[in-house]
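Encoded as C-alpha cells, the structure appears first; notes follow it.
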Amino acid sequence: MYDNITDVDGIKVGHASDFSGLTGCTVVLCEQGAVAGVDVRGSAPGTRETDLLHPCNLVQEAQAVLLAGGSAFGLDAATGVMEYLAQRGLGFNSGVRPVPIVPAAVLFDLDVGSSEAYPNKDMGHKACLNAKAGELDIGSIGAGVGATVGKVLGIEHAMKGGIGSASIQIGELIVGAIVAVNALGDIVDYTNGEIVAGCQDKNGTFLNTMELILKRCQTPKGFGNTTIGVVATNAELTKEEVNKVAQMAHDGYALTIRPVHTMYDGDTVFALATGKVKTDVTVVGIAAVEVVAKAILKAVRFANKK
C-alpha cells in the first residue's frame, strides 16, 4: 500500500504541470473501464460529462477522469486524454468506433500565475503518458500547481493549496482518493479542529474564515476557488451505488474545508468502481469520507509554501 488512489488495482495517475504559468492537470486513468458516478455540491462548477454519469443515463463506465486548473479553459485538456485513449482503441462501444468517456472538472487558478496559461489538449495527453501506479507526487503539482486556500479576503491573504491522495484497506476492499484543494475556506485538521492552511494576516496568523463571515459579515472576494477530486474503489458497485459513494465522499470535504460548498466554489467528487470485491456500499462510502479528508490534509501539508 502506497497510501494513495493507485492502491486500487487498475488505477493510474499522471500529472502535467506548467510551473511558469502556475497551472496544470491530473488524470486518473482506468483504461479497462470503471463504473462511474459524480456529485457536484459547489455552486460555481466547471465540468464535463457529468450528466452522462447520472444513474438513469446510458453509459456505465469511464476510462479516465480529468482534474485541471485553468477554469473553463482547462476543460480543453480532456481532449488530449480522449486522444490518448482513442489511440489505444479504448472507450464506449458506439457500434462505429470506441468513444473514450472522460468526465472532467476544473478549478480556478487564473489569478495565481498567468491568466493566459491553462491546461490544453497537449497537457492532457502528456498527463496520460506520465500516468503510473505506485508512489505518487503530491502537493504543488498537476492540478494542484496553482491551487490556493483561504481567499475570503483576497488572494494576498491566501496560502498554497495542492493535490493530495490517500487510501484505506478493509480486508480485500480498497478505497482511495485524490483531491485538488483550491478552496475559498480554511483547511482544518478534523482530528483536533486546528486550522492548518487558510486566510492569514500580514504576520502569518490565521484569521479564521468562518469567524470573518459569521461575526464580521465579511463578503467573500473573487471566484478563484473549487475543490475537485476522485474516489476509486475495487468494490463491485452499481451505477446508483457509485453515485451514492460520490455523494457521501463530500463529507470528507465538510470535515476539512470550512466553509465548503459555497456560491464561490464548484466542489465536485467523482467516484469509480472497478468491480473486484463484493461489499456494502455504505462501507465504501464511509471509507471514502475518511480518505478524502486525509487526501485534503496531505495536499496542503505537501504544498510548496513559497
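The values are calculated or read from the model by the stated rules, or taken from the named source; none is laboratory data. Given the structure is predicted, the values throughout are model-derived calculations rather than measurements. Cβ sites come from the backbone with ideal geometry, for glycine too, and all protein chains shown count toward neighbours. Accessible surface is based on the protein model in full, side chains and every heavy atom, while ligands, DNA and RNA are left aside. Shrake-Rupley method; radii C 1.70, N 1.55, O 1.52, S 1.80 Å.
Overview of results
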item: Filtered residues of segment 197-215 (kept if in a loop (DSSP other than H, G, I, E, B), buried (at least 17 other Cβ atoms within 10 Å of the Cβ) and either at pLDDT below 95 or among the aliphatic types (A, V, I, L, M) (or both)); result: Leu207
item: Sole exception among (1) touching a Gly at 6+ places or on another chain (Cβ under 8 Å); (2) at pLDDT below 95; (3) open to solvent by less than 70 Å² (accessible area, probe 1.4 Å); (4) not aliphatic (A, V, I, L, M) for Gln218, by number; result: (1)
item: Hits in segment 14-69 (condition: open to solvent by 40 Å² or more (accessible area, probe 1.4 Å) and among the β-branched types (Val, Ile, Thr)); result: Val40, Thr47
item: Which listed residue is within 19 Å of Tyr264 (Cβ to Cβ), open to solvent by 10 Å² or more (accessible area, probe 1.4 Å), in contact (Cβ under 8 Å) with a residue 40 or more places away in the chain and assigned to a loop (DSSP other than H, G, I, E, B), from Leu184, Leu153; result: Leu153
item: Top-ranked residue in segment 107-150 [being in a loop (DSSP other than H, G, I, E, B) and charged (D, E, K, R); ranked as most open to solvent (accessible area, probe 1.4 Å)]; result: Glu116
item: Selection from segment 226-270 of residues that are open to solvent by 20 Å² or more (accessible area, probe 1.4 Å), within 18 Å of Val300 (Cβ to Cβ) and in contact with a strand residue (DSSP E or B) (Cβ under 6 Å, 6 or more places away or on another chain); result: Arg258
item: Selection count, segment 218-248, where residues are closer than 16 Å to Ile170 by Cβ, outside any strand (DSSP E or B) and in contact with a helix residue (DSSP H, G or I) (Cβ under 7 Å, 6 or more places away or on another chain); result: 3
item: Residue list for segment 267-305, filter: in a loop (DSSP other than H, G, I, E, B), within 28 Å of Ile101 (Cα to Cα) and out of contact with any Phe, Trp or Tyr (no Cβ under 8 Å at 6 or more places or on another chain); result: Lys278, Thr279, Asp280
item: From the options Ser43, Ser94, Ser17, residue that is free of Cβ contacts under 8 Å to residues at least 24 places away in the same chain and among the small types (Gly, Ala, Ser); result: Ser94
item: Any hit, segment 99-106, residues being open to solvent by 30 Å² or more (accessible area, probe 1.4 Å) and over 11 Å from Cys25 (Cβ atoms); result: yes
item: Checklist (1) within 19 Å of Gly161 (Cα to Cα); (2) open to solvent by less than 10 Å² (accessible area, probe 1.4 Å) applied to Phe223, failing item; result: (2)
